[in-house]
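The values are calculated or read from the model by the stated rules, or taken from the named source; none is laboratory data. Note that the coordinates shown come from a computational prediction; the quantities given were computed from them, not determined experimentally. Please note: Cβ atoms are built from the backbone with ideal geometry, for glycine as well, and neighbour counts cover all protein chains shown. Just so you know, the surface numbers come from the protein's heavy atoms only, side chains and all, with ligands and any DNA or RNA stripped out. Shrake-Rupley method; radii C 1.70, N 1.55, O 1.52, S 1.80 Å.
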Number of protein chains: 2
Amino acid sequence: MTTTAPLLDEQICFALYSASRALTARYRELLEPLGVTYPQYLVLLVLWEEGPSTVSHLGERLHLDSGTLSPLLRRLESAGHLTRARTADDERVVEVSLTPSGDALREATASIPAGVCEATGLDPAALVALQQQIATVAAHVRATL
Amino acid sequence: MTTTAPLLDEQICFALYSASRALTARYRELLEPLGVTYPQYLVLLVLWEEGPSTVSHLGERLHLDSGTLSPLLRRLESAGHLTRARTADDERVVEVSLTPSGDALREATASIPAGVCEATGLDPAALVALQQQIATVAAHVRATL
DNA sequence: CACAACTAGATTGCACGCAACTTACTGGAG
DNA sequence: CTCCAGTAAGTTGCGTGCAATCTAGTTGTG
């Protein structure tokens, strides 16, 4: 009996890694004309949905730490899409707020997800089911420490 | 009727992006003692499975370009896990081969996937079904140019 | 042979992710 | 009030991903 290495194509992690990059590439070509990257777009999604947020809150929603968010937010700030300000209440906390420019991107990007979803070749119902299944797996993996 | 921004938690791409990072984090903590990263592990998987490969072949299997692979292979080479050599037949082509050290990692990592799969909370059958569904989506997205 | 079009890898530059560390501020115990 | 553990964000360093460019080797065409 030989020790069998697991096959690449059988690995759920590679499927996720590979699919994530393929879909992100789709977003990239649609976001590029707007000068926004996919992770930056995710931050904007949270801000559009939930309004002004702290860096920590963005980190919780996206599962990213300050090491990733700080420079990313700095770039969005210098692009004029948002502002950062220490709160008066607690000087450690930075509140991130959209500028009109950042708000305007909401309409400019509104049609992007539909096009990307179509590229998956799945109907909306199947897509939602798949998305929820993947989210459940991610939550389970994150919880299993 | 207002323009509604899509919700973060409804996006299939974010689910994939998030799940991919969560699972990769699992691999990271198991691979870290071996001094290997997850993308490096993927390269090793191909080499274990298919033997000596060209850089292009690795790129096709993993959907990575030379800009990513060249430095990654250089690090695996200086770690002593593989060798790179221009082929005599065509001097443009670089063939990547495992060293005994790279071969040895096969056994050292053999038990990792099982542990990670368990952390997903899905039984093997469901995991295979999910993996294939995701791979199909990725292939479809990649094909839709 | 000469030479242009093509190809395989490598290099450069930039934006993530993430670990490890630092800085600045807060709140509580004594 | 002091001190000190705790916390939020920023910084540093390294390894990807990926676009764009470069280099060297190959192939076809006259």
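Averaged per residue, chain B has 50 square angstrom of accessible surface, using a 1.4 angstrom probe with ligands and nucleic acids left out. Within chain B, the selection of entire DSSP H helices by a Cα span of 15 Å or greater along the long axis and an average Kyte-Doolittle value of at least -1.0 returns B:12-31, B:38-50, B:66-78, B:124-143. Placing +1 on the Cβ of every Lys and Arg and -1 on the Cβ of every Asp and Glu, with nothing else charged, gives the protein assembly as shown a dipole about its Cα centre of roughly 460 debye.
Stretching the chain fully between B:Leu34 and B:Arg75 yields a gain of 13.4 nm (0.36 nm per residue, less the alpha carbon separation).
As a test of the definition: with a 1.4 Å probe, what buried accessible area, both sides summed, do you compute for B against A, in Å² to the nearest 100?
5500
In the assembled protein chains, A:His63 presents an accessible area of approximately 80 Å² (probe radius 1.4 Å). Here region B:38-109 is assigned +1 on the Cβ of each Lys and Arg and -1 on the Cβ of each Asp and Glu. Its dipole about the Cα centre then comes out at about 280 debye. Each Cα pair under 8 Å and six or more residues apart adds its separation to the average, and for chain A the resulting relative contact order is 18 percent. Springs join every pair of Cα atoms under 10 Å in this Gaussian network model of chain A, and among A:Leu45, A:Leu130, A:Leu69 the largest mean-square fluctuation is at A:Leu130.
Calculate the dipole size of chain B relative to its Cα centre from +1 charges on Lys and Arg beta carbons and -1 charges on Asp and Glu beta carbons; express the result in debye to the nearest 20. In total the dipole reaches around 300 debye.
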